[in-house]
Amino acid sequence: MFWTVTRTLLEGFGTSAEIFALTLVFALPLGLLVALGSMSKWAPLRGLARGDSPAWLRALAGLRPISAVVEVVVWVIRGTPLMLQLAVIFYVPGMVLGTNPWGSGTQGRITATVAAFVINYACYFSVIYRGGIQGVPQGQREAGQVLGMTRAQIFFRVTLLQMVKRVVPPMSNEIITLVKDTSLANTIGVVELIRAGSTFRTNGGLVWPFFYTAVFYLVFVGVLTILFNWLEKKLDYFKV
Amino acid sequence: MAILQVEGIQKQFGKTPVLRDISFELEQGQALAIIGSSGSGKTTLLRCLNFLERPDQGRITVGGQVLFDAGDPATQREGEVRKKRLHFGLVFQSFNLFPQYTALENVMLAGQLLAREREDFKQNKKRIYADIEARGLALLERMGLADRAGHYPHQLSGGQQQRVAIARALALQPDILCFDEPTSALDPELTGEVLKVIRALAEQKTTMIIVTHEMAFARDVADQVIFMDGGVIVEQGEARQVIEHPQEERTRQFLSRYSEN
């Protein structure tokens, strides 16, 4: 029985790991894009106002549309439960279009899950990235500038690694949270680890497989922890 | 002819004027100290020379070449600013060494990146890099840091970090080396070693502009002194003359605050 359960849970774990990996692959770069968007200084109406213009005109001139839109999106995503976002992504397109674009099969549900997770995690990552970028002192960029370095050289040779070092601890936190958030996929019928464990209870009254799932999460998070510790050690040779 | 001519520099931050009509000249091989209280515009002036701030008005000429003219947009193209910066070196108050590089790597980095733009880089890469390394090591030795080449900034004292920063600025052989309060972030017992290095540079006739609060140092090391207050040059002249026998009342008041301590 133990091996049957273990094998079933491993299958569920495979799905969880798939959601985890795909979410990271897309959310890590997307988060950087969102971060750059939220820091965008583009103000197309800047020319409208002078120092002596009325307040409302100056406010309009100071508007940074990209940054504003991105910040509203981040607020909505961080301000609502991921479980709700998952339901919206999976069900609402079907309600609007009449047919479910994700399809009713398992793969469609997983795709919808990954889509919702990528959006959600990109927003959280973006805030961490932004902190990392803004945390590099202005003096570092200026030192590069007075040494005749180009913007690209300053980014890749000076600020990038300092930024990476700053974001590793908070990112490891988010990534570990993501491992356990994959369990939310079972709310739209994905048979991930939690669902795999609870089937034994609903079908045969076996409770222990449900609790046994904890071991899989723990081992996975344990491996990730070792990985992050190694990375932090790697970057330990300098201080920021 | 003066190596540096600064004419009519004006700069406002928002509605606050920080520099109002700054003009001065500096001869090759001379050291100029700029003194004045905080907020007098000294640092902003240095930042304008290094193109970290863009003056609203005025002209900056180095070695007869107009580097910046507020009235001539052709002198303000972004792409050329980078190259023009190389006429000046800047040593920051807070060192701003790159923490992920060793002392030697800090000194070599910009030179290595600039070397890539040379036409013969591909053929002579090895020799060029070897030259840069040899020069970097020689500079660190001049700073008394030969045994610290492989240390990272966090493993160095403030005074050592600042000396690495000076070596880094010298590595690109600027026409004029600028110091922005180079000892203000240091513990008193560490200022001496940095001042000693700057003094040695002055003796070797390095053209320098030093913003400083060390009056005795300015008097002894600088050839010229400028006293700034409220964004204008109140008094300028031969260093010993200005600091020991100031002509202007405001200069006298400022200096008396230092002699009291």
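The table below lists the values:
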quantity: Of residues in region B:70-125 being in contact with a His (Cβ under 8 Å, 6 or more places away or on another chain) and not polar (S, T, N, Q), the one farthest from A:PHE155 (Cα to Cα); calculated: B:ALA103
quantity: Filter result for B:GLY89 (part of a strand (DSSP E or B), within 11 Å of chain A (Cβ to nearest Cβ) and either under 18 Å from the mean Cα position of the chain (by Cα) or more than 26 Å from A:LEU161 (Cα to Cα) (or both)); calculated: yes
quantity: Criterion: within 14 Å of chain B (Cβ to nearest Cβ), touching a residue at least 24 places away in the same chain (Cβ under 8 Å) and either in contact with a strand residue (DSSP E or B) (Cβ under 8 Å, 6 or more places away or on another chain) or open to solvent by less than 30 Å² (accessible area, probe 1.4 Å) (or both) - qualifying residue of A:VAL114, A:VAL118, A:VAL136, A:VAL146; calculated: A:VAL136
quantity: Tally of residues being small (Gly, Ala, Ser), within 14 Å of chain A (Cβ to nearest Cβ) and either free of Cβ contacts under 8 Å to residues at least 40 places away in the same chain or open to solvent by less than 40 Å² (accessible area, probe 1.4 Å) (or both) across region B:130-156; calculated: 1
quantity: Test result for A:GLN153, touching a Pro at 6+ places or on another chain (Cβ under 9 Å), within 14 Å of chain B (Cβ to nearest Cβ) and open to solvent by less than 60 Å² (accessible area, probe 1.4 Å); calculated: no
quantity: Residue that is nearest to the other protein chains (Cβ to nearest Cβ), among those in region B:92-117 that are open to solvent by 20 Å² or more (accessible area, probe 1.4 Å) and out of contact with any helix residue (DSSP H, G or I) (no Cβ under 7 Å at 6 or more places or on another chain); calculated: B:LEU114
quantity: Residues that are open to solvent by 40 Å² or more (accessible area, probe 1.4 Å) and either among the hydrophobic types (A, V, I, L, M, F, W, C) or at the interface with another protein chain (Cβ under 8 Å from one of its Cβ atoms) (or both), drawn from region B:71-85; calculated: B:ALA74, B:ARG82, B:LYS83
quantity: A:GLY31 vs. criteria small (Gly, Ala, Ser), in contact with a helix residue (DSSP H, G or I) (Cβ under 6 Å, 6 or more places away or on another chain), modelled with pLDDT of 90 or more and open to solvent by less than 40 Å² (accessible area, probe 1.4 Å); calculated: yes
quantity: Residue, farthest from B:PRO17 (Cα to Cα), within region B:226-245, restricted to residues that are part of a loop (DSSP other than H, G, I, E, B) and either of a type in the set (Lys, Arg) or open to solvent by 20 Å² or more (accessible area, probe 1.4 Å) (or both); calculated: B:HIS245
quantity: Residue pairs meeting the criteria (Cβ under 6 Å; at least 6 apart or on separate chains; first open to solvent by 50 Å² or more (accessible area, probe 1.4 Å), in region A:56-72; second part of a helix (DSSP H, G or I)); calculated: A:ILE66/A:GLY37; A:GLU71/A:SER38
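The values are calculated or read from the model by the stated rules, or taken from the named source; none is laboratory data. Keep in mind that this is a model prediction, so the values were computed, not measured. Virtual Cβ from ideal backbone geometry, glycine too; neighbours counted across all protein chains shown. Only protein heavy atoms, including side chains, enter the accessible area calculation; ligands, DNA and RNA are left aside. Shrake-Rupley method; radii C 1.70, N 1.55, O 1.52, S 1.80 Å.
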